[in-house]
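In what follows, a single structure is set out as structure tokens and then discussed.
What follows is calculated from the coordinates using simple rules that are stated; it is not laboratory data. Predicted model only: the values in this text are computed from it and were never measured. All Cβ positions, glycine included, derive from the backbone under ideal geometry; neighbour counts span all protein chains shown.
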């Protein structure tokens, strides 16, 4: 988890030599989100009922960054669904009903609307449910964002990891890295562009220095390097990314040119 922020620090230094379009804006306008794969594994002929269920699932997820596949697999006991991202298993589901709203949810819609409105990013604070763990880090996030010259372009949202309404979203966040599911600590995700989530800051890693490093990366000038080695995991989302509003940080930098060189 620490390596990604060292990587971001190096990227930020290199990006300062590049064009004046900021990382967050360039990725939103130019980079397509990576796709998930939802596979239905079966060993027997697919029944008409399952065909109907799978047709409904395909229709629901069609607008999202995902592909649906039927996969014949003879060495299984029962059919099941599996969700993959970059060939890594994100979730397994034994019943089609478990896939309801896998590609959309109220909070994902809210986050997407903030990004489409020109916000630099959404900082999502994933809570443990233990106030003694959650509150100190959340206060650091609020204080740091409020003190940032770009603070008005950053939206802070908190989410409980036990939310039933956002269970698919929480699962994707906890799969950004393979070891996150077992860590019972608050986590801070920077979400930008077309729903790309950076690897989270965790527990004591949620610091003023690291939050500002995240902001520095997103407000850095873009370059060819970012196209080839862009950090982050794309969240599954069925929504339109057409015609986003201009980035709000541009007006801030125009009014305060010194910020462009920090």
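Listed values, structure above:
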quantity: Net lengthening on full extension, residue 35/residue 184 (0.36 nm per residue, minus Cα-Cα); calculated: 50.8 nm
quantity: Between region 104-156 and region 70-88, the alpha-carbon center distance in angstrom; calculated: 35 Å
quantity: Between helix 106-116 and the chain: long-axis angle, C-alpha atoms, 0 to 90°, nearest 10; calculated: 40 degrees
quantity: Hydrodynamic radius of region 36-99 per Kirkwood, over alpha carbon pairs, in Å; calculated: 12.1 Å
quantity: Rule-of-thumb Rg ratio for region 169-262 [Cα; 2.2 N^0.38 Å; N residues]; calculated: 1.24
quantity: Whole-number percent relative contact order across region 36-99, with pairs defined as alpha carbons under 8 Å at least 6 apart; calculated: 46 percent
quantity: Radius of gyration and maximum dimension Dmax of the chain, Cα, Å; calculated: 19.6, 65
quantity: Contact order normalised by residue count of the chain, Cα under 8 Å, 6+ apart, percent; calculated: 30 percent
quantity: Modelled FRET efficiency - R0 25 Å, residue 113 with residue 158, Cβ distances, 0.05 increments; calculated: 0.90
quantity: Global form of region 116-242, assessed from the alpha-carbon gyration tensor, a/c cut-off 1.5; calculated: oblate
quantity: Antiparallel DSSP beta bridges within region 36-99, percent to nearest 5; calculated: 60 percent
quantity: Using alpha-carbon coordinates, inclination of helix 208-218 to the longest axis of the chain, degrees; calculated: 80 degrees
